[in-house]
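Colleague: One structure follows; several queries about it will come next.
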Amino acid sequence: MICYAFAVPHESEGLLEQMQGPESFDLEHVRCTVGLYKDRLVLCAVLGMGMQRAAKGAELVLEYFQIKAFILAGYAGALVPQLAHGDVVVSDNFSSDNVISFVRLLPDFKFAKFCSSDELVATPQRRQEFHEATECQVVDMETGGVAETVHGRGVTFAAVRVISDTMDDVLPVGAMNAAYDAERNRPRPVNLGWYLMTHPGESGSFKAFVARLAPARESLTKFLSALTDEMPKGI
């Protein structure tokens, strides 16, 4: 079975829409959906945000399911100006060698070096600092912890991300924190509305950020479809 894992539900929706006969249930804090995707039995798991929570979710998945390949996917930030909104990137420092060998044949993606942080890297200055400190091109909040867990079980792993914010973007951190309950992994529209009423200066940047997510997810889902088609049956 292949596991497609995401941090938040929004990232997973494109894949879930294409699954046949889905059955969903909760495994502690992890939302799991089992069904057919591209004629293969797969698990879609929403692990939660942050390295520690996502790693714990990955551990639960590997404990309860016989997973042959674990694909962590979702949004990420660019640490270099060469990456644009909607670019799909595959980690060449966390992904398993057997994945990298066949992924090279797929179109419309780039290899990049990933790093992970529990900090939301929200400004060009902080992105530049992260790039200089790590020599990475992409930053997210889960890959490092999940990769360590999955590799520790000897399971094939790949990290696939789509760029939701570029090197030059300034993220509306206050509005983003108000909008989402990371502990329960669900949106908080009332909190967001109140926050934007009292912080109107973040309204424009928040709307711009949200507007980028749907097309970014479409690009990510398209790549995951191609990846599934080409994935060797033995994985």
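Colleague: Which residues, counting only those in segment 144-174, are closer than 30 Å to residue 98 by Cα, surrounded by 16 or more Cβ atoms within 10 Å (Cβ to Cβ) and not hydrophobic (A, V, I, L, M, F, W, C)? Before the answer, list the steps.
Modeller: Start the filter on segment 144-174 by keeping residues that are closer than 30 Å to residue 98 by Cα, which leaves 144-166.
With surrounded by 16 or more Cβ atoms within 10 Å (Cβ to Cβ) added as a condition, the list becomes 144-147, 149-150, 155-166.
The answer is 144, 145, 149, 156, 161, 164, 165, 166.
Colleague: I'd like to check something: does segment 175-182 contain any residue that is open to solvent by 50 Å² or more (accessible area, probe 1.4 Å), closer than 21 Å to residue 53 by Cβ and out of contact with any Cys (no Cβ under 7 Å at 6 or more places or on another chain)? Steps first, please.
Modeller: Taking segment 175-182 first, the residues open to solvent by 50 Å² or more (accessible area, probe 1.4 Å) are 177, 180.
Among the residues that remain, those that are also closer than 21 Å to residue 53 by Cβ are: 177, 180.
Remaining after also requiring out of contact with any Cys (no Cβ under 7 Å at 6 or more places or on another chain): 177, 180.
Checked against the condition, which is being open to solvent by 50 Å² or more (accessible area, probe 1.4 Å), closer than 21 Å to residue 53 by Cβ and out of contact with any Cys (no Cβ under 7 Å at 6 or more places or on another chain), segment 175-182 yields at least one hit.
Colleague: Within segment 88-126, restricting attention to residues that are among the charged types (D, E, K, R) and in contact with a Phe, Trp or Tyr (Cβ under 8 Å, 6 or more places away or on another chain), which residue is nearest to residue 224 (Cα to Cα)?
Modeller: Of all residues in segment 88-126, those among the charged types (D, E, K, R) come to 92, 97, 104, 108, 110, 113, 118-119, 126.
Then keep just the ones that are in contact with a Phe, Trp or Tyr (Cβ under 8 Å, 6 or more places away or on another chain); that gives 92, 108.
Numbers: 92: 16, 108: 11 Å.
In this case the residue turns out to be 108.
Colleague: Also: Say we look at segment 35-45 and pick out the residues that are open to solvent by 10 Å² or more (accessible area, probe 1.4 Å) and in contact (Cβ under 8 Å) with a residue 24 or more places away in the chain; which of these is nearest to residue 63 (Cα to Cα)? Working first, answer last.
Modeller: Of all residues in segment 35-45, those open to solvent by 10 Å² or more (accessible area, probe 1.4 Å) come to 36, 38-41.
Now restrict to residues that are in contact (Cβ under 8 Å) with a residue 24 or more places away in the chain: 38, 40-41.
On the way: 38: 25, 40: 21, 41: 18 Å.
The selected residue is 41.
Colleague: Quick check on my filter: what residues within segment 52-73 are open to solvent by 60 Å² or more (accessible area, probe 1.4 Å) and either in contact with a Lys or Arg (Cβ under 7 Å, 6 or more places away or on another chain) or polar (S, T, N, Q) (or both)?
Modeller: Residues satisfying the conditions are 52, 66.
Colleague: Here is a further query. Among (1) assigned to a helix (DSSP H, G or I); (2) in contact with an Asp or Glu (Cβ under 9 Å, 6 or more places away or on another chain); (3) under 19 Å from residue 220 (Cβ atoms), where does residue 126 come up short?
Modeller: Only one criterion in (1) assigned to a helix (DSSP H, G or I); (2) in contact with an Asp or Glu (Cβ under 9 Å, 6 or more places away or on another chain); (3) under 19 Å from residue 220 (Cβ atoms) is unmet by residue 126, namely (3).
Colleague: Separate question: From the list 158, 147, 208, 178, which residue is within 15 Å of the chain's Cα centre (by Cα), in a helix (DSSP H, G or I) and of a type in the set (A, V, I, L, M, F, W, C)? I'd like the intermediate steps shown before the answer.
Modeller: Values: 158 fails: in a helix (DSSP H, G or I); 208 fails: within 15 Å of the chain's Cα centre (by Cα); 178 fails: within 15 Å of the chain's Cα centre (by Cα).
Step by step, each of 158, 147, 208, 178 is checked, and only 147 is within 15 Å of the chain's Cα centre (by Cα), in a helix (DSSP H, G or I) and of a type in the set (A, V, I, L, M, F, W, C).
Colleague: Yes or no: residue 144 among the small types (Gly, Ala, Ser), over 18 Å from residue 4 (Cβ atoms) and at pLDDT 95 or above? Reasoning before the result, please.
Modeller: Details: among the small types (Gly, Ala, Ser): yes; over 18 Å from residue 4 (Cβ atoms): yes; at pLDDT 95 or above: yes.
So residue 144 passes the test.
Colleague: Follow-up. With the requirement that a residue be over 11 Å from the mean Cα position of the chain (by Cα) and open to solvent by 50 Å² or more (accessible area, probe 1.4 Å), what does segment 2-28 give you? Let's see the steps before the verdict.
Modeller: Narrowing segment 2-28 to residues over 11 Å from the mean Cα position of the chain (by Cα): 2-3, 13-28.
Passing the criteria: 13, 16, 17, 18, 20, 21, 22, 23, 24, 25, 26, 28.
The values are calculated or read from the model by the stated rules, or taken from the named source; none is laboratory data. Bear in mind the structure is a predicted one, so any value in this text is a computation, not a measurement. Note that each Cβ is placed from the backbone with ideal geometry, even for glycine, and that neighbours are counted across all protein chains shown. Side chains included, ligands, DNA and RNA excluded: accessible areas come from the protein's heavy atoms. Shrake-Rupley method; radii C 1.70, N 1.55, O 1.52, S 1.80 Å.
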